[in-house]
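**Q** Once you've had a glance at the structure underneath, I'll fire off some questions.
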Amino acid sequence: MPVHSYFVLTAFTFLLMVLTTQLIRLRNSGSEFFGRPTIEKLYFYSAKIAIFTTWALFILKAINPMVGFIYLPDFLSWTAVGILYAGVVIVSFSVVNLGKSLKMGITDQEIKLQTHGIYRLTRNPMYAGVHMIAIASCIYFPDLINVSFTIFSIYMHHKIIRQEESFLAERFGKSWLVYSTRVSRYI
């Protein structure tokens, strides 16, 4: 296995540990992780499946570099690893900053508007990081299926984000308005 494959597997192992730790904290605090989908259920859940499929293909290619038909020069593999690590760092900080407000979908539970930490730089750092990982996957494993899943997922998540932001505007009113005019949606 090439050295970059070990870096890929290490990054995903770290991300899995961060997500698992946060989900355990949520469960122990009595907070729910699953909320209501913000768009039609079929599109909402298919977007989630698509993004995690790109991650699975990334891992598959790292474990078995012979998968796929396109030869990839080492510098592109290392570029993908760099983008992966940036995405993992962003997602990890996002998950930690969200704390009990981490949800998949919207919720009636009490949540707090997150405006500190990485949320001072972008309103949707978790999505930005998740999409960076998917794009890195496309570079590492440039397969039509992988690219298609990434494009579909980014498009559908944009729709999800717009609905989540409408929910936050309604829930937090003026606080959201001040925050959203000060901080951009993505970058």
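**Q** For the range 32-58, enumerate the residues that are of a type outside the set (Val, Ile, Thr) and within 25 Å of Thr10 (Cβ to Cβ). Reasoning before the result, please.
**A** Filtering the range 32-58 down to residues of a type outside the set (Val, Ile, Thr) leaves 32-37, 40-48, 50, 52, 55-58.
Of everything in the range 32-58, those that are of a type outside the set (Val, Ile, Thr) and within 25 Å of Thr10 (Cβ to Cβ) turn out to be Lys48, Ala50, Phe52, Trp55, Ala56, Leu57, Phe58.
**Q** For the range 74-187, please list each of the helices (runs of 4 or more DSSP H) lying entirely inside it that holds at least 1 residues being modelled with pLDDT of 95 or more, among the β-branched types (Val, Ile, Thr) and in contact with a Cys (Cβ under 6 Å, 6 or more places away or on another chain). Quick ask: steps written out before the conclusion?
**A** On the way: elements: 74-98, 125-140, 144-172, 174-182.
Fully inside the range 74-187 and qualifying: 144-172.
**Q** Output the qualifying pairs, or none if there are none: Cβ atoms under 8 angstrom, residues six or more apart or on different chains, first residue in the range 99-127 and closer than 20 Å to Lys48 by Cα, second residue in a helix (DSSP H, G or I) and among the charged types (D, E, K, R).
**A** Pairs found: Met104/Lys48; Ile106/Glu164; Arg123/Glu165.
**Q** Another question, if that's okay. Scan the range 52-68 for residues that are free of Cβ contacts under 8 Å to residues at least 12 places away in the same chain and not in a helix (DSSP H, G or I) and jot them down. Working first, answer last.
**A** Going residue by residue through the range 52-68, those that are free of Cβ contacts under 8 Å to residues at least 12 places away in the same chain are 52, 56, 64, 66.
Result: Asn64, Met66.
**Q** Scan Tyr71, Tyr45 and give me the residue that is under 29 Å from Pro142 (Cβ atoms), out of contact with any strand residue (DSSP E or B) (no Cβ under 7 Å at 6 or more places or on another chain) and assigned to a loop (DSSP other than H, G, I, E, B). Full working, then the answer.
**A** Values: Tyr45 fails: assigned to a loop (DSSP other than H, G, I, E, B).
Sole residue among the options that is under 29 Å from Pro142 (Cβ atoms), out of contact with any strand residue (DSSP E or B) (no Cβ under 7 Å at 6 or more places or on another chain) and assigned to a loop (DSSP other than H, G, I, E, B): Tyr71.
**Q** From Phe44, Phe33, grab the single residue that is in contact with a Leu (Cβ under 7 Å, 6 or more places away or on another chain), aromatic (Phe, Trp, Tyr) and closer than 18 Å to Met126 by Cα.
**A** On the way: Phe44 fails: in contact with a Leu (Cβ under 7 Å, 6 or more places away or on another chain).
Within the list Phe44, Phe33, the selection yields Phe33.
The values are calculated or read from the model by the stated rules, or taken from the named source; none is laboratory data. Every value quoted in this text rests on a predicted model; they were computed, and no experiment measured them. A quick note on method: Cβ atoms are made from the backbone with ideal geometry, for glycine too, and the neighbour counts reach across all protein chains shown.
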